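Here the structure is laid out as C-alpha cells; the discussion comes afterwards.
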Amino acid sequence: MNILGLQKLTLLDFPGRVAAIVFLGGCNFRCPFCQNSSLVLTPEALPPVSPEEFAAFLRKRSGILDGICVTGGEPTLHADLPEFLASIKEAGYLVKLDTNGSNPQMLQAILDEHLADYVAMDIKAGRRNYAQVCGLDPSVSDRLLGHAEQSAALLMRSAAEYEFRTTVVKGLHTEQDFEDIGGWLSGCSGYFLQSFRDCPEVLRQNHSFSAFSEEEMQHFLKIVQKNIPQAALRGI
C-alpha cells in the first residue's frame, strides 16, 4: 500500500477512540470543495511512508492507540485495501474506513471479512444534485447514484458501526438536498452535517464557496431530523 501521509494522533476522527490517520492517494471524484486536493490531483508528488516505517509505527504505538483511520483520497480504489486493513487488525488495532461509497463491491468484501470496525461514508448531496457536487459529468449520474445507494444500503444492514455525513457548502447545497437525504437514509443509525471550511488545499481555486450560518445549519438539521431523529451537527 502506498501511504502518502500519517497523522500520528487524533481524538476526533474515530468516535470514542484514540487513533492515528493514514492517508491514501487518488480519488475518482472531483468535489470542488475537497480539502485534500494534493491527494486527489497530484498524489505522485507526495512523499510516501514506507511499509517498514508504518510497521514500526504500529509496533511503537501498540497499547497507546486504539485504532487507525484509513482515509484519502478514496481508499477503495486500491485493490490491496483488504490486505492492508487485515494487516492493521492483525497488529491489534481497530480500523475506521472513510469512503465516498463509489465501490460497493469492495465495501461488501471488507464488511464480509469484518475488516472495518467503523465506516464513515460521505453523502455528497441529494440525489438530483449528486454528480454536480461530486464534480463529475451528469452523464455518470445514474451509475454514481446506483453505487452510492448500494453502499449506503450495505452499511445500514451491516453489523459494523457506521455513520453518514455531508459537508454542507453554500453555493452547492440547498434545503432540497436535505429533504431528499432525510428520506433516502431514513432508519440509519448515524448522520452528521458538517460545515465547509476553507483552506489553501481546496480543490477549486478562486471559488466562491462559503459556510452556512449556524442558524441555516440548524434549519437543514431540522429538515433531516423529520426522518433521522438522531441526526446532529458536527464541528459547528
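Residues in the range 62-103 that are surrounded by fewer than 19 Cβ atoms within 10 Å (Cβ to Cβ) and in a loop (DSSP other than H, G, I, E, B): GLY63, ILE64, ASP66, ALA79, ASP80, ALA91, GLY92.
The conditions of being over 16 Å from the mean Cα position of the chain (by Cα) and either of a type in the set (Gly, Ala, Ser) or assigned to a strand (DSSP E or B) (or both) are met by LEU9. Do we find that PRO51 is farther than 30 Å from ASN206 by Cα, within 15 Å of the chain's Cα centre (by Cα) and surrounded by fewer than 19 Cβ atoms within 10 Å (Cβ to Cβ) in this structure? When the stated conditions are applied, PRO51 does not pass them. Restricting attention to the range 116-148, the residues being assigned to a helix (DSSP H, G or I), closer than 23 Å to ARG234 by Cβ and of a type outside the set (S, T, N, Q) number 4.
Looking across the range 187-225 at every residue that is assigned to a loop (DSSP other than H, G, I, E, B) and among the polar types (S, T, N, Q), the one that is surrounded by the fewest Cβ atoms within 10 Å (Cβ to Cβ) is identified as ASN206.
Please tell me if LEU155 is at pLDDT 95 or above, surrounded by 18 or more Cβ atoms within 10 Å (Cβ to Cβ), within 30 Å of ALA109 (Cβ to Cβ) and of a type outside the set (S, T, N, Q). Here the answer is yes, as LEU155 does meet what is asked.
Being within 17 Å of the chain's Cα centre (by Cα), surrounded by 17 or more Cβ atoms within 10 Å (Cβ to Cβ) and assigned to a strand (DSSP E or B) holds for only one residue in VAL40, VAL22, and it is VAL22. None of ILE236, ILE228 is crowded, with 20+ Cβ neighbours inside 10 Å, part of a loop (DSSP other than H, G, I, E, B) and in contact (Cβ under 8 Å) with a residue 24 or more places away in the chain except ILE228.
Go through the residues of the range 9-16 one by one and say whether even a single one is buried (at least 20 other Cβ atoms within 10 Å of the Cβ), touching a residue at least 60 places away in the same chain (Cβ under 8 Å), in contact with a Lys or Arg (Cβ under 8 Å, 6 or more places away or on another chain) and not aliphatic (A, V, I, L, M). Yes: the range 9-16 contains one or more residues that are buried (at least 20 other Cβ atoms within 10 Å of the Cβ), touching a residue at least 60 places away in the same chain (Cβ under 8 Å), in contact with a Lys or Arg (Cβ under 8 Å, 6 or more places away or on another chain) and not aliphatic (A, V, I, L, M). Look at ALA109 and say whether it is in a helix (DSSP H, G or I), out of contact with any helix residue (DSSP H, G or I) (no Cβ under 7 Å at 6 or more places or on another chain) and either surrounded by 21 or more Cβ atoms within 10 Å (Cβ to Cβ) or among the small types (Gly, Ala, Ser) (or both). Considered against the rule, which asks whether it is in a helix (DSSP H, G or I), out of contact with any helix residue (DSSP H, G or I) (no Cβ under 7 Å at 6 or more places or on another chain) and either surrounded by 21 or more Cβ atoms within 10 Å (Cβ to Cβ) or among the small types (Gly, Ala, Ser) (or both), ALA109 comes out as no.
The values are calculated or read from the model by the stated rules, or taken from the named source; none is laboratory data. Note that the structure is a prediction, hence the values are computed from the model and not measured. Positions of Cβ are generated from backbone atoms using ideal geometry, with glycine treated the same way; all protein chains shown enter the neighbour counts.
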